[in-house]
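The values are calculated or read from the model by the stated rules, or taken from the named source; none is laboratory data. In this text, all values refer to a predicted model and were calculated from it rather than measured experimentally. Cβ placement follows ideal geometry from the backbone for every residue including glycine, while neighbour counts extend to all protein chains displayed.
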Amino acid sequence: MKRLIVLLTTLCLLGVALAPVVVHGQGPSGTTWVSSFNVLNLDQSEDAHIAVSFYGTAATPVLSQGLDPLGPGNSVEVYVPSVSGLPDGRYSVVIYSDKPVACVAGTLGTRAGISFYGAYSGASEGSTVAYLPDAQREYYGWNSFYTAQNAGTEAADITMEIYSAGSATPIDSRTEHDVPAGVSKDFDLSHTSYASTLGTMFNGSAVVSSVQPLVVIDHKTSGVGGTAAYEGFTSGDQTVYIAELAKDNWDWWSVLKVQNIDDTTPTTVNVSYSDGVTATATLQPYESAMFDQRTEAHGSGVFSAVVDSTATDVVALGNKGYGAAAIQAQTYDSVSGGTQTALCPKMMRGYYGWTTSYAVMNLHDTISTTVTVTYSPWGSYLGGSYTVDLDAFETLNVFQGNDPYLLAATGSQLPVGYRGALSLESSATDIVGICNEAEMSGVAAGSGDWSSSANAINR
């Protein structure tokens, strides 16, 4: 069988992936968390046979089990607290499949009546270095919470270094020693031990490294419930793309973070937005810069960004917030390229109150393309599809609660209660996508963050 290592609170990786899952465990600021993950069979003609192993603090599974065969192009959700025989605790997960699969994870936390929700999808494999454009301590209430997992085969040290603006020298460095294979360790920047180096308010970047491959996530939260989870980057490029940013779009706004991932060479980054606005910054080694779309000359709406670096490889984060307090928050990674097929493993319409949206971006700077959008079957619903045209660098955002393109093509919307998968097929150019979800029933109004985003999976 092919091995898929998945990471904390379930970062899922293609091919070989490793991921800790939190089940009634302790997360940022003492919040109690539960997790779920959705696995998508990428094969279009044959069933995938899948096994899942849960790991605790040792490189031996606490529990292993098989899933029912997963049909071609279908997805399945595993709600970790419902896994029979698995005690409450904090786990890593390893997924094995005989077909290529992809995964998106979600974690829901509660503390004193406030809810925190984050989700993310993963990269293709671990690396000995992970880059994190956000490193925050009490930055307008936000605190980074890194989890790094040893994705190798032997015990190894894991080191985190934090960098401040304008400096190529780390302001803080910490090491967890002899971390067993498959096991993860946390670095909580809200802890009082960071006050002496980071101060009362800090906004910078971080690098996590090991001699063994590792995978890292930042599950940052704010005191009011805002939650923004993203996976650390294993590589970058001199040109990277962000599919969805916003200014005054139904009260949503965004901030772009760009990090220089070279350890010796400064670089200048130039940001070109699809609405014609531009911005620039110079970055020292491992430094990040923040571009706030609220203060830039954008009109209201949704747009995309292309980030070009003059000298080194870079990575970037798209951060979105809702309203002045950003109680609802979403974060997703830049990409250095796409494919003609992008997939969202979890799409919903009124599924226990949850509804999704997707964004798709044409990565070509001169050529337009036609994208075929296909919803997978669900129950008695046989699925549906339609086509949309995208100009060069154009981004389209569609809400599943009211998909006008599906209605025009099929005469109906997705059925209420739908939970399936989405395929985006481009006729002429490479594309990338973002998958967003939010609790829309109103039950959670005012009680914290009930929304999240994850990168679509490029096949």
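At-a-glance table
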{"item": "Set A155, A135: member being touching a Leu at 6+ places or on another chain (Cβ under 9 Å) and outside the structural domain of Y286 (by TED's automatic domain parsing)", "result": "A135"}
{"item": "Scope the stretch 246-274; condition closer than 20 Å to S336 by Cα and acidic (D, E); matching residues", "result": "D262, D263"}
{"item": "Residue in the stretch 364-386 that is surrounded by the most Cβ atoms within 10 Å (Cβ to Cβ), counting only those that are modelled with pLDDT under 95 and in contact with a Gly (Cβ under 6 Å, 6 or more places away or on another chain)", "result": "S376"}
{"item": "Residue check, L317 at pLDDT 95 or above, under 17 Å from T395 (Cβ atoms) and surrounded by 21 or more Cβ atoms within 10 Å (Cβ to Cβ)", "result": "yes"}
{"item": "Among residues of the stretch 112-144, those that are in a loop (DSSP other than H, G, I, E, B) and either in contact with an Asp or Glu (Cβ under 8 Å, 6 or more places away or on another chain) or free of Cβ contacts under 8 Å to residues at least 24 places away in the same chain (or both), counted", "result": "4"}
{"item": "Test for D403: is it outside the structural domain of L245 (by TED's automatic domain parsing) and modelled with pLDDT of 95 or more", "result": "yes"}
{"item": "Pairs with Cβ under 7 Å, 6+ apart, first in the stretch 175-189 and not assigned by TED's automatic domain parsing to the domain that holds A135, second in a loop (DSSP other than H, G, I, E, B) and surrounded by fewer than 18 Cβ atoms within 10 Å (Cβ to Cβ)", "result": "none"}
{"item": "Hey, Y140 among the aromatic types (F, W, Y), at pLDDT 95 or above and more than 30 Å from V62 (Cα to Cα) or not", "result": "no"}
{"item": "Qualifying residue in the stretch 101-121 (condition: over 28 Å from K257 (Cβ atoms) and crowded, with 21+ Cβ neighbours inside 10 Å)", "result": "yes"}
{"item": "Residue that is farthest from T234 (Cα to Cα) [pool: residues in the stretch 274-300 that are within 21 Å of the chain's Cα centre (by Cα) and in a strand (DSSP E or B)]", "result": "D292"}
{"item": "Matching strands (runs of 3 or more DSSP E) fully within the stretch 301-404 where at least 2 residues are in contact (Cβ under 8 Å) with a residue 60 or more places away in the chain and farther than 27 Å from S36 by Cα", "result": "301-309, 314-322, 354-362, 369-375"}
{"item": "M160 vs. criteria over 28 Å from S336 (Cβ atoms) and modelled with pLDDT of 95 or more", "result": "no"}
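Residues are listed down the side, and each one gets a yes or a no for (1) part of a strand (DSSP E or B); (2) modelled with pLDDT of 95 or more; (3) closer than 30 Å to V271 by Cα:
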residue: P415; (1), (2), (3): no, yes, no
residue: L424; (1), (2), (3): yes, yes, yes
residue: A444; (1), (2), (3): no, no, no
residue: A454; (1), (2), (3): yes, no, yes
